[in-house]
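Participant: Shown below is the structure under consideration.
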Amino acid sequence: MSLKIYFLRHGETTASQTGTYCGRLDIDLTSEGLAMAEEFAKSYQDLPWKAVYCSPFKRTMATAQPLCDRLGMEMQLRPGLKELYYGEWEGKTPEEVNHEFHDDYVRWLADPGWNAPNGGERGIDIARRSSEVIEEIEHTYESGNVLVVSHKATIRIMLCSLLGIDVGRYRDRIGMPVASVSIVELAQHGPFVHIMGDRSHLQPELRQRKGT
């Protein structure tokens with residue numbers, strides 16, 4: 001049996017509904033976001049889980065909590081799983097950022113791997129800190145199922161790193177809607193994707209919510 005990592009993006013927030021750059025703003029899930037977390041737990045509670053790793057923000061912890069409650073398992077908080085820090089862009093919409101920081105915004109859109117939001121982090125910075133968490137998981141668990149609850153940009157960057165995709169293309173290559181699951185098996189011949197951005201565990205009315 002090999003090791004499978006389940007990457008779960010947190011449930012809906014007001015920022016995911018509006019497209020606002022949230023980053024390290026520690027906001028709560030909406031009522032729909034809490035329902036998404038419950039639906040995930042209900043669908044995945046019967047898997048034999050080894051561990052739950054989680055970004056230390058309210059929205060990610062609230063997403064992981066229902067499954068942890070069902071399993072009687074404590075989530076392991078890791079700062080390396082935090083969302084990309086958007087610096088001066090946090091709390092602003094893409095339209096506002098484009099207006100206030102146009103040239104820097106264009107550079108970031110062209111290559112977010114090596115360009116950072118004003119005062120924020122580059123994609124390669126996220127790849128570096130999140131890879132330490134993945135390495136910890138690999139060294140701790142030879143096989144079984146491990147859940148990683150994190151954020152849109154951070155999960156996409158982790159997947160790019162695992163799959164050999166240029167980190168600078170994470171915004172162009174991988175979609176990651178709220179409460180979606182991606183499963184990567186760390187197999188004999190390298191990482192193997194089983195599922196990407198899946199939301200089939202959600203009820204239809206929740207799947208219809210297209211949070212960014």
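The values are calculated or read from the model by the stated rules, or taken from the named source; none is laboratory data. Quantities reported herein were computed from a predicted structural model and do not represent experimental measurements. Counting neighbours? That spans all protein chains shown, and the Cβs are built from the backbone with ideal geometry, glycine included.
Participant: Does Leu47 satisfy being of a type outside the set (Gly, Ala, Ser), buried (at least 21 other Cβ atoms within 10 Å of the Cβ) and farther than 18 Å from Met176 by Cβ?
Facilitator: No, not satisfied.
Participant: Okay, moving on. Glu95 versus (1) charged (D, E, K, R); (2) in contact with a helix residue (DSSP H, G or I) (Cβ under 9 Å, 6 or more places away or on another chain); (3) within 14 Å of Tyr21 (Cα to Cα): which is the lone unmet condition?
Facilitator: For Glu95, the failing item is (2).
Participant: Separate question: Quick check: is even one residue across the range 63-76 among the small types (Gly, Ala, Ser) and crowded, with 19+ Cβ neighbours inside 10 Å?
Facilitator: Checking the range 63-76: at least one residue is among the small types (Gly, Ala, Ser) and crowded, with 19+ Cβ neighbours inside 10 Å.
Participant: Filter the range 143-152 down to the residues that are surrounded by fewer than 23 Cβ atoms within 10 Å (Cβ to Cβ) and either of a type in the set (S, T, N, Q) or over 14 Å from Val184 (Cα atoms) (or both) and list them by number.
Facilitator: Ser143, Asn145 - these are the residues of the range 143-152 that are surrounded by fewer than 23 Cβ atoms within 10 Å (Cβ to Cβ) and either of a type in the set (S, T, N, Q) or over 14 Å from Val184 (Cα atoms) (or both).
Participant: Where in the range 130-212 are there strands (runs of 3 or more DSSP E), lying wholly inside it, with at least 2 residues that are under 20 Å from Gln45 (Cβ atoms) and of a type in the set (A, V, I, L, M, F, W, C)?
Facilitator: 144-150, 181-187
Participant: While we're looking at this one, here's another question. For the range 123-171, which residues satisfy the criterion of being without any contact (Cβ under 8 Å) to a residue 40 or more places away in the chain and touching a Phe, Trp or Tyr at 6+ places or on another chain (Cβ under 6 Å)?
Facilitator: Hits for the range 123-171 are Arg156, Cys160.
Participant: Hey, another quick one. Check the range 182-189 and report whether any residue there is among the β-branched types (Val, Ile, Thr), at pLDDT 95 or above, in contact with a Pro (Cβ under 7 Å, 6 or more places away or on another chain) and over 25 Å from Arg24 (Cα atoms).
Facilitator: Yes - at least one qualifying residue is present in the range 182-189.
Participant: For the range 37-51, which residues satisfy the criterion of being assigned to a loop (DSSP other than H, G, I, E, B) and touching a Lys or Arg at 6+ places or on another chain (Cβ under 6 Å)?
Facilitator: Correct list: Gln45 only.
Participant: Within the range 11-31, is even one residue touching a Phe, Trp or Tyr at 6+ places or on another chain (Cβ under 7 Å), touching a residue at least 12 places away in the same chain (Cβ under 8 Å) and under 11 Å from Leu147 (Cα atoms)?
Facilitator: no
Participant: Looking at the structure I just gave you, is Lys42 under 20 Å from Val181 (Cβ atoms), touching a strand residue (DSSP E or B) at 6+ places or on another chain (Cβ under 6 Å) and among the basic types (Lys, Arg)?
Facilitator: Considered against the rule, which asks whether it is under 20 Å from Val181 (Cβ atoms), touching a strand residue (DSSP E or B) at 6+ places or on another chain (Cβ under 6 Å) and among the basic types (Lys, Arg), Lys42 comes out as no.
Participant: Filter the range 151-177 for residues that are of a type in the set (A, V, I, L, M) and touching a Lys or Arg at 6+ places or on another chain (Cβ under 6 Å) and give the result.
Facilitator: Ile155, Ile165, Ile174, Met176
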